[in-house]
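Have a look at the structure below before the remarks.
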Amino acid sequence: MEEYRFEITDELEEERIDKCLSLLIDSLSRSFIQKMIKEGAVHVNGMPVKGSYRVKAEDQVSFLLPPAEEPHIVPENIPLDILYEDSDVIVVNKPKGMVVHPAAGHYSGTLVNALMYHCKGSLSGINGCLRPGIVHRIDMDTTGSIIACKNDLAHNCIAKQLKEHSITRRYHAICYGVLSEDGTIDKPIGRHPEERKKMAVNVKTGKNAVTHFHILKQFEHYTYLECELETGRTHQIRVHLASIGHPLLGDMVYAPNRKSPFRLQGQTLHAKILGFRHPKTKEYMEVDAPLPEYFKHLLEILS
């Protein structure tokens with residue numbers, strides 16, 4: 001087991017203990033930290049605390065990080081569209097309808113199941129048994145580039161870049177309505193106060209969120225966009241475009257009253273460009289995921 005010890009500084013005072021630890025330790029997800037707190041593994045001044053505890057300056061925080069659990073999910077021989085791979089990372093072009101990691105209702109057929117088979121045990125263990133190798137995710141019906149890490153060193157490096165917002169993430173999207181000019185949407189995003197499966201802008205719990213968009217082509221009733229994330233909040237592009245009256249074509253969560261004339265499976269959103277510093281060579285590299293066939297066909301219809 002690895003032991004962690006921290007002394008809380010003035011600038012972290014009054015933060016919840018789970019948020020505080022997620023800020024101090026890049027490699028641990030907040031959900032994993034909350035699980036440790038719930039199990040009584042996190043001590044402040046020698047005593048276990050609840051998740052609601054707010055830290056004070058000079059608090060002594062300690063916990064033992066258990067070794068990574070052996071995944072109990074089953075490797076599955078699912079074909080992968082591999083865009084780049086070496087001994088440290090693998091970048092995959094995720095298809096529509098594939099869930100990134102196992103969760104309630106999706107314990108097989110996920111990207112993790114496929115990666116476990118392909119990588120044969122060589123995946124980072126930092127995020128636990130359900131998310132080996134996974135540093136970030138994209139929605140089930142969003143296609144495109146997603147990176148997974150094969151060791152903890154690579155995982156820590158990519159996670160740090162994500163936290164610093166230094167990773168390039170450019171998406172292609174088709175939205176309802178005709179946008180007239182490029183722009184930036186700068187609105188904090190947090191959990192919707194009433195519909196817990198949705199996110200919303202300008203809520204009290206919202207975190208800073210910035211999306212830049214560039215018009216690629218205008219159609220009669222739609223606009224083809226490139227969106228670049230400055231931050232990476234849940235559903236960020238979907239929520240931001242819906243907030244300015246231009247939700248994504250096919251998005252039944254954020255545009256439930258807009259009837260699409262096309263037979264679509266969820267939102268038209270594709271993670272096209274993923275750029276990052278390689279964890280070992282430190283060289284910047286970009287991976288470009290080709291548009292899926294349904295997306296290309298839709299562009300042809302609209303042209």
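The values are calculated or read from the model by the stated rules, or taken from the named source; none is laboratory data. Remember, it's a predicted structure, so these values are computed and weren't measured experimentally. Heads up, the Cβs are rebuilt from the backbone with ideal geometry, glycines too, and the neighbour counts pull from every protein chain shown. Accessible surface is based on the protein model in full, side chains and every heavy atom, while ligands, DNA and RNA are left aside. Shrake-Rupley method; radii C 1.70, N 1.55, O 1.52, S 1.80 Å.
So that you can scan it fast, the table gives a plain yes or no per residue for (1) open to solvent by less than 80 Å² (accessible area, probe 1.4 Å); (2) closer than 30 Å to Lys272 by Cβ; (3) modelled with pLDDT of 85 or more:
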| site | (1), (2), (3) |
| --- | --- |
| Met36 | yes, no, yes |
| Ala41 | yes, no, yes |
| Ser62 | yes, no, yes |
| Pro67 | no, no, no |
| Leu123 | yes, yes, yes |
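Any residue that is in contact with a His (Cβ under 7 Å, 6 or more places away or on another chain), of a type in the set (D, E, K, R) and either open to solvent by 40 Å² or more (accessible area, probe 1.4 Å) or over 19 Å from Glu76 (Cα atoms) (or both) - is there at least one of those in the range 151-174? No, every residue in the range 151-174 fails to be in contact with a His (Cβ under 7 Å, 6 or more places away or on another chain), of a type in the set (D, E, K, R) and either open to solvent by 40 Å² or more (accessible area, probe 1.4 Å) or over 19 Å from Glu76 (Cα atoms) (or both).
Within the range 241-254, the presence of at least one residue that is of a type in the set (A, V, I, L, M, F, W, C), part of a loop (DSSP other than H, G, I, E, B) and in contact with a Phe, Trp or Tyr (Cβ under 7 Å, 6 or more places away or on another chain) is confirmed. Scan the range 267-282 and give yes if some residue there is open to solvent by 20 Å² or more (accessible area, probe 1.4 Å) and either of a type in the set (Phe, Trp, Tyr) or farther than 26 Å from Lys150 by Cα (or both), otherwise no. No: the range 267-282 contains no residue that is open to solvent by 20 Å² or more (accessible area, probe 1.4 Å) and either of a type in the set (Phe, Trp, Tyr) or farther than 26 Å from Lys150 by Cα (or both). Of the residues making up the range 183-200, those that are assigned to a loop (DSSP other than H, G, I, E, B) and surrounded by 11 or more Cβ atoms within 10 Å (Cβ to Cβ) are Lys187, Pro188, His192, Pro193, Lys198.
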